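*Asks:* For reference, the structure I am asking about is given below.
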Amino acid sequence: MKPMRSVFAGILMAGGALLTATSALSTAAAADDAATAMPAPGAPGAGPHGWGHGGGPGRLFSKLGLSADQQASMKSIMTAAKPQMKSLHDQMRANHLKLMQTKPDDPNYGNVVAEVAQSNATLASQRTTHAAELRHQMYAVLTPAQKTQLTALEAQWAANPHHGPGPGGHRPPEAQ
């Protein structure tokens with residue numbers, strides 16, 4: 001029975017690795033969208049929410065009426081973050097590919113799963129820390145009134161389980 005338990009644990013870890021890799025893709029895409037597509041709301045080339053497409057920070061920040069200086073600051077923050085976010089994404093993608101290329105009947109499968117799970121746990125921690133630092137930097141650019149407005153927008157987003165991905169490309173827990 002012990003080998004079956006190991007296989008089941010491996011499957012669960014593989015699912016977690018896939019989920020983590022997907023989250024990294026969403027985060028990297030959001031950082032990429034915000035860094036490369038931040039025209040003023042309503043400007044030619046602006047997405048339906050003002051700055052590019054997707055559920056990245058631009059979706060909520062575009063509703064805050066940022067000044068040109070604030071927009072430039074936000075773009076600078078996201079541009080500076082892009083290389084690290086891309087690196088994390090690439091590492092998680094490599095882990096995913098390693099896991100998918102190892103067949104479940106491979107005698108080393110359990111070891112590969114454990115290695116990928118451990119690596120992805122470290123990468124997810126780094127991604128979370130980096131995303132929190134980005135949020136801190138972006139929040140510091142806002143005026144007190146914009147911070148209040150952002151808090152209201154985030155609460156509104158969290159209260160609506162029928163929307164698409166929101167800040168950071170994730171759904172609220174109750175919508176999953």
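Read-outs: derived from the displayed coordinates by stated rules, not from any lab. Nothing here was measured: the structure is a model prediction, and the numbers come from that model. All Cβ positions, glycine included, derive from the backbone under ideal geometry; neighbour counts span all protein chains shown.
*Asks:* Could you compute the net charge surrounding SER119? Neighbours are other residues with a C-beta less than 14 Å from the C-beta of SER119; K and R count +1, D and E count -1. All intermediate terms of the calculation are to be shown ahead of the outcome.
*Replies:* Values: positive: ARG93, LYS98, ARG127; negative: ASP90, GLU115.
Overall, the nearby charge balance is +1.
*Asks:* Shifting gears a bit: Would you list which lysines come within 24 Å of LYS75, measuring only between C-alpha atoms, while excluding same-chain residues fewer than 8 positions from it?
*Replies:* Straight-distance partners of LYS75: LYS63, LYS86, LYS147.
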